[in-house]
Amino acid sequence: MINSIQNCKFQTTRKRRFQSHSTNEQIVVQLPLTSTFINQNCLVVMDSLPEVLIWEILNRVKKTIDRNSLALSCKRLHGLDKENRHFLRVGCGLDPADEALTSLCLRFPNLTRIEITYSGWMSKLGKQLDDRGLFILSNHCPCLTDLTLSYCTFITDVGLRHLTSCYKLSSLKLNFTPRITGCGIFSIAVGCKNLTVLHLIRCLNVSSVEWLEYLGKLGTLEDLSIRNCRAIGEGDLIKLGHSWRKLKRLQFEVDANYRYMKVYDRLAVDRWQKQWILCDDMLELSLVNCIISPGRGLACVLGKCKNLQKVHLDMCVGVRDCDIISLARESHNLRSISLRVPSDFSLPLLAHNTLRLTDESLKALADNCAHLESVRISFADGEFPSLSSFSLNGILVLVHKCPIQELALDHVYSFNDMGLEALCSASYLETLELVRCQEISDEGLQLVSQFPQLQNLRLSKCLGITDDGLKPLVDAYKLESLVVEDCPQISERGVHGAARSISFRQDLSWMY
């Protein structure tokens, strides 16, 4: 019955127009003259359908605009949609904000997830939602568990305190809410005992870390993301204490432009050497622009994650071979690793720190991580790897020993035509990305047609490749998708017929 409903279509004989608050355009919605579905020779009357089937139909309609149109088709769908709607995304179209939000909350009493975003907001679009709006949410959304606030510049700590009455709130994500401080986060930590997910992105005034210490004692946090919050450094993470045992995902990114304006709290980091923190439940770890001190701080975390599946280290100064070796020996379930290596002089204050990662790191991953499927290696702009960097042999050892399905190389000058020739025996490789790999020529690229399982190929800013390199792929239909971006010697005509799905872009401003 459900499968037949999927193929049904409305019999529409009249139209209704609605005014869009965000674009000031008229939207035409097709409405059925009668509440019926037509599917070949069967006629199904909506009022006679069992309620379980109606719920199934509503759950399969994912787009909000389609859901709204469906709810307007008949009274029964409209009523059931009110009970079944659990997610709501609003923003610039709320005008006046408080009245509109109140109306939506009363219409959908069972909302569990709400996202409020004011990206692209201008004053002419009306007043933004403020603390009063969060008070409305706390009063009218008793089932609220997941709240995201993006670019809500009028919300303050007072508004966050209103949310403490949402005792079911388990996920809070704040993206550029500049008036929020550590006091507001602390009130959430105290009032919402079920908080398991906390994301803070560009919250520039969150300076107090008492909330970190409180969450550490509470021990409920599983997903923590702190990105570009200038007043929070690596040393502050020690305040999580025993909550490190419960963390499943940690994303910590330091604002690179602000790196030297903040005093590096070495005393706090030194305490890490005295505390052996276990991260048994950690599944995903992402560190960006961090300073890794030997034997301290985040370096201790890298060797303590037994169940780690995904790791991303981007411009982390101080990472050494011994850190990656410890990670590889402990994390046997590792499936994805991404390494973006900083240049020797990318951070002036640390110019005495030479590049520490070599082929020894890659060999340790190859010997210990039998489930590794995705590898991404990148060098920072302007970096020309020296002999102490990853070599072609190190990369190939990793590819041949592990079931690598996705390989992405960015600015890796050691990878050349010989590397592509060696990949012809990579029986698991399905996706290959080559960005700024200037040692690759047409001769090497032509070997791609011999890769046994390759389905997706992306070429970006590669100077040595021309249309001739893609000729073996033309009309062969071997590739599912081909993406060519900013390669000066490849034309749009040259990629025609090289894959079932093709994306081509030519912007050569990066060369000048």
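The values are calculated or read from the model by the stated rules, or taken from the named source; none is laboratory data. In this text the structure is predicted, and so the values were computed from the model without any measurement. For neighbour counting, all protein chains shown are included, and Cβ atoms are generated from backbone atoms with ideal geometry for every residue, glycine included. SASA here: full protein model, heavy atoms, side chains in, ligands and nucleic acids out. Shrake-Rupley method; radii C 1.70, N 1.55, O 1.52, S 1.80 Å.
With θ set to phi - 60° and the Karplus curve 6.51 cos²θ - 1.76 cosθ + 1.60, what are the ³J(HN,Hα) couplings of segment 333-339 in order, to the nearest whole Hz, using x for Gly and Pro?
9, 4, 10, 9, 9, 10, 10
What is the sum of charges around R113, taking Lys and Arg as +1, Asp and Glu as -1, for the other residues whose C-beta is under 13 Å from the C-beta of R113?
Value of the local net charge: +2.
Convert each backbone phi in segment 464-475 into a coupling constant with the Karplus relation 6.51 cos²θ - 1.76 cosθ + 1.60 (shift: θ = phi - 60°), then list the ³J(HN,Hα) values in order as whole Hz, x for Gly and Pro.
With coefficients 6.51, -1.76 and 1.60, one gets x, 10, 10, 4, 4, x, 8, 4, x, 8, 5, 6 Hz.
Would you grab the residues whose amide H sits under 5 Å from the one on N194? Only those 5+ places off in sequence or on another chain, please, with H modelled 1.01 Å from N.
Under 5 Å from the amide H of N194: no residue qualifies.
What nm value, rounded to one decimal, do you get for the distance between V474 and R107 when each label is placed 7 Å out toward the C-beta?
Computed distance between label sites V474 and R107 equals 5.4 nm.
Any idea what the relative contact order of segment 56-154 is, in percent, if you count C-alpha pairs under 8 Å spaced at least 6 apart?
Contact order relative to length: 28 percent.
Which whole-Hz couplings ³J(HN,Hα) result when phi for each residue of segment 421-438 is put into the Karplus expression 6.51 cos²θ - 1.76 cosθ + 1.60, θ = phi - 60°, listed in order with x for Gly and Pro?
Ordered by residue, 3J(HN,Hα) equals 5, 5, 6, 4, 9, 7, 6, 9, 5, 10, 10, 10, 10, 10, 10, 6, 8, 7 Hz.
With every protein chain left in place, what is the accessible area of W121 in Å² (1.4 Å probe, nearest 10)?
About 70 Å², rounded to the nearest 10.
At a Förster distance of 22 Å, what's the computed FRET efficiency of S119 paired with S207, Cβ-Cβ distance as r, to 0.05?
The pair S119/S207 has a calculated efficiency of 0.30.
Identify all aspartates and glutamates with a Cα-Cα distance to K239 below 12 Å; exclude those on the same chain that are fewer than 8 residues away in sequence.
E210, E213
Given K168/K217; K173/K304; K306/K363, which pairs have Cα atoms separated by over 23 Å? It would help to have the intermediate numbers written out before the result.
Details: K168/K217 19 Å; K173/K304 27 Å; K306/K363 19 Å.
Among K168/K217; K173/K304; K306/K363, the Cα-Cα distance tops 23 Å for K173/K304.
Express the relative contact order of segment 430-512 as a whole percentage, based on alpha carbon pairs under 8 Å and six or more residues apart in sequence.
Values: 175 pairs, mean separation 23.0, N = 83.
Relative contact order here is 28 percent.
Need one word for segment 162-234: rounded, prolate or oblate. Basis is the Cα gyration tensor (sqrt eigenvalues a ≥ b ≥ c); a/c below 1.5 gives rounded, then a/b vs b/c decides.
Cα axes put segment 162-234 in the prolate bin.
In what sequence, largest accessible area first, do D146, D281 appear using a 1.4 Å probe?
Descending order: D281, D146.
For S338 and E51 in one chain, what is 0.36 nm times their gap in residues minus the Cα-Cα distance, to one decimal in nm?
98.5 nm
Charges on Cβ only, +1 for Lys and Arg, -1 for Asp and Glu, centred on the Cα centroid of segment 291-337; of L313, V301, I291, which one is farthest towards the dipole's positive end?
V301
From the square roots a ≥ b ≥ c of the eigenvalues of the alpha-carbon gyration tensor of segment 78-227, which class results: rounded (a/c under 1.5), prolate (a/b over b/c), or oblate? Spell out each step's value before the answer.
Values: a/c = 2.06, a/b = 1.30, b/c = 1.59.
Since a/c reaches 1.5 but b/c is at least a/b, the shape of segment 78-227 is classed as oblate.
If you count, for each residue, the other Cβ atoms within 10 Å and average over each peptide, how do 191-200, 475-484, 147-156 line up from highest to lowest?
147-156, 191-200, 475-484
Hey, rough spin-label estimate for N59 and K168, points 7 angstrom out along Cα→Cβ, what's it come to in nanometres?
Going by the 7 Å Cα→Cβ label model, 1.7 nm.
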